[in-house]
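Input: a single structure, listed below in structure tokens.
What follows draws every value from the coordinates through simple rules; no lab data is involved. What you see is a predicted model, and the numbers here were worked out from it, not measured in a lab. Note that each Cβ is placed from the backbone with ideal geometry, even for glycine, and that neighbours are counted across all protein chains shown.
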């Protein structure tokens, strides 16, 4: 209905958008930009989630580290991750590093406190049994604390992944020459609303796919917990 009232240079109907999606996919344009965005997401999320989980594990197991790192994390987390875009562009330019770093920051800040909270909520009975058998701190962390925190970590990782897509698209719109965010903005600049919506549809599909992969991985990690559904 809207496309019948507004000019086609401003908005596209469902059929036009679907046609544009198929056409851009067939000529390789959509695949090319999607691959760029997926690569940035994969690298940034892998780095950020690793840092976030490790930092959360340290905060959750060490009172001294919690006193030092937790206030720092609580100060940084409220800062919108998109606010880092100008800083990262100044430091790294508009190349790959600024986008990857932004995704890493968003992922890490989402996972730090969730990991710490999950570890702190682990059953103390299990921890005491492990200590009774004189297990090392690393063994207790690996076999008791992290598995207990896994449901919390996986749930937060899925939130972090959704946030990563939001941040990446924002960065690609503001400072990029490729990627799905750039494709959407470029289509807007040249009055191609169907292509713009096609790019948005591609992001939705990829976001759903990456969330599905994390959910499946989460079910595997927590297969011992029958109450977890993912």
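Of note:
- Spread over its residues, the convex hull of the C-alpha atoms of the chain is 148 Å³ per residue.
- Sequence-separation-based contact order of segment 1-110, relative, with Cα cut under 8 Å and 6+ spacing, percent: 33
- Here the relative contact order of the chain, from alpha carbon pairs under 8 Å that lie six or more residues apart, stands at 28 percent.
- Peptide ranges 13-24, 102-113, 174-185 listed from the most packed, as the mean C-beta count within 10 angstrom indicates: 102-113, 174-185, 13-24
- Computed from Cα atoms, the angle from the helix 14-26 axis to the main principal axis of the chain rounds to 80 degrees.
- Against the main long axis of the alpha-carbon atoms of the chain, helix 29-61 sits at an angle near 20°.
- Euclidean distance between Cα centres, segment 72-125 to segment 151-230, Å: 16
- Applying 0.36 nm per residue to the separation of residue 217 and residue 137 and subtracting their alpha-carbon distance, the gain on full extension is 26.2 nm.
- Among 117, 34, 65: highest mean-square fluctuation, GNM of the chain, C-alpha pairs under 10 Å: 65
- Over the chain: helical MRE at 222 nm, DSSP H runs n ≥ 4 each giving -39500 (n - 2.57), nearest 500: -26000 deg cm²/dmol
- Among 92, 45, 190, residue whose mean-square fluctuation peaks in a GNM of the chain (springs only between Cα atoms under 10 Å): 190
- Crossing angle, helix 180-189 versus the chain [Cα axis fit, 0-90 degrees, rounded to tens]: 30
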